[in-house]
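> Have a look at this one before I ask anything.
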Amino acid sequence: MFERFTKDARDVVRGAVEHCEGAGVRTVDVEHLLLALLDREASRASFALAALGLAERKDSVRTALDETRRRAGLSRAETEALAGLGIDVSEIVSRVEEVHGAGAMSGDGKSGGRWGGRPGFGREAKRILEQSLRMAMARRERFIGDEHILLAMTVTPGPAAEVLADHGVTHASLTRVLGAGGEARAG
């Protein structure tokens, strides 16, 4: 599938791996893809994010992703569903961090030993990359750009979509900024 990725999309994938390695974790998750998208400049996704006002609020997105990671990757909707069952996620996080230290539920692996090899892609990250192909096909575009990865994040339920929506980046707003379709292009 990566042969259909533009240079910008491949750079996002490489950036996600770097974010994953920098965090000391073994699996590339959707959050790493989103962080890599936030790092981009002069690409279709970065222009779309800037048009939607996210360029100056990147730190807020990073903070929201950190909070999600502290909750072991649970979205607000999942946290609220658990609260409906009488389970207070913030209380659980507090107690675990009390015993094991801040960020203990983030799964960052920093307390564990060293591991070798390149990180693999988690199920949800793979799902986003597969969905980016569907986004490109739906827009009648032959190549997968970083904008398709971003579009895929907005239609795939989870913490990344939630964080983006909280910052005004939804599938509808992105489609409006990017246009309904586009010309087939290579990159």
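> Being surrounded by fewer than 24 Cβ atoms within 10 Å (Cβ to Cβ) and either among the hydrophobic types (A, V, I, L, M, F, W, C) or assigned to a helix (DSSP H, G or I) (or both): is that true of R118 here?
Numbers: surrounded by fewer than 24 Cβ atoms within 10 Å (Cβ to Cβ): yes; either among the hydrophobic types (A, V, I, L, M, F, W, C) or assigned to a helix (DSSP H, G or I) (or both): no.
Answer is no for this residue.
> Would a scan of region 134-149 turn up a residue that is in contact with a His (Cβ under 7 Å, 6 or more places away or on another chain), open to solvent by 50 Å² or more (accessible area, probe 1.4 Å) and at pLDDT 95 or above?
No, region 134-149 has no match at all.
> K126 is checked against (1) at pLDDT 95 or above; (2) in contact with a helix residue (DSSP H, G or I) (Cβ under 9 Å, 6 or more places away or on another chain); (3) open to solvent by 30 Å² or more (accessible area, probe 1.4 Å) and fails just one. What number does that condition carry?
(2)
> Anything in region 47-74 that is touching a residue at least 12 places away in the same chain (Cβ under 8 Å) and of a type in the set (V, I, T)? List them, or say none.
V61, T68
> Anything in region 150-161 that is modelled with pLDDT of 95 or more and surrounded by fewer than 17 Cβ atoms within 10 Å (Cβ to Cβ)? List them, or say none.
The answer is V155, and nothing else.
> Now for a different question. Could you say whether any residue in region 75-94 is touching a residue at least 12 places away in the same chain (Cβ under 8 Å) and within 14 Å of the chain's Cα centre (by Cα)?
Yes, some residue in region 75-94 is touching a residue at least 12 places away in the same chain (Cβ under 8 Å) and within 14 Å of the chain's Cα centre (by Cα).
> On the given criteria, is R95 out of contact with any strand residue (DSSP E or B) (no Cβ under 7 Å at 6 or more places or on another chain), open to solvent by 70 Å² or more (accessible area, probe 1.4 Å) and part of a helix (DSSP H, G or I)?
Numbers: out of contact with any strand residue (DSSP E or B) (no Cβ under 7 Å at 6 or more places or on another chain): yes; open to solvent by 70 Å² or more (accessible area, probe 1.4 Å): yes; part of a helix (DSSP H, G or I): yes.
Spelling it out, R95 is indeed out of contact with any strand residue (DSSP E or B) (no Cβ under 7 Å at 6 or more places or on another chain), open to solvent by 70 Å² or more (accessible area, probe 1.4 Å) and part of a helix (DSSP H, G or I).
> Would you point out the residue of region 127-163, among those that are touching a Ser or Thr at 6+ places or on another chain (Cβ under 8 Å) and of a type in the set (D, E, K, R), that is nearest to R71 (Cα to Cα)?
Of everything passing the filter in region 127-163, E162 is nearest to R71 (Cα to Cα).
The values are calculated or read from the model by the stated rules, or taken from the named source; none is laboratory data. It should be emphasised that the depicted structure is a prediction, and the values quoted were computed from it without experimental measurement. Glycine gets a Cβ as well: all are built from the backbone with ideal geometry, and neighbour counts include every protein chain shown. When the accessible area is computed, the model is the full protein with side chains, heavy atoms only, and any ligands, DNA or RNA have been set aside. Shrake-Rupley method; radii C 1.70, N 1.55, O 1.52, S 1.80 Å.
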